[in-house]
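Worksheet: one structure, shown below.
Every read-out reported here was derived from the displayed coordinates using simple, explicitly stated rules and does not represent laboratory data. Here the structure is a predicted model, which means the values were calculated and not measured. Positions of Cβ are backbone-derived with ideal geometry, glycine not excepted, and every protein chain shown enters the neighbour counts.
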Amino acid sequence: MGEQRQRYNEKFKREAVKYIQEQTKTVVEIGEELGISPGVLHNWLAKYREFGNEPVN
């Protein structure tokens, strides 16, 4: 049969986005680390990103 989709709660998604914003790694690297597709992480970033957490270049 087909694979069952993993569901993540809102808190996990927000924490993942915060983690992405605090790291210097790429979304692909973090996706591999967390076992989550980079496309899913990009979707979460678009929804939950808070610009106050990111360093200024």
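Quick notes on this structure:
- Unit charges at the beta carbon, dipole of the chain: most positive-side option, Val17, Phe51, Gln4: Gln4
- Working ranking of peptides 27-33, 13-19, 3-9, 45-51 by packing, defined as the average number of other Cβ atoms within 10 Å per residue, highest first, is 13-19, 27-33, 45-51, 3-9.
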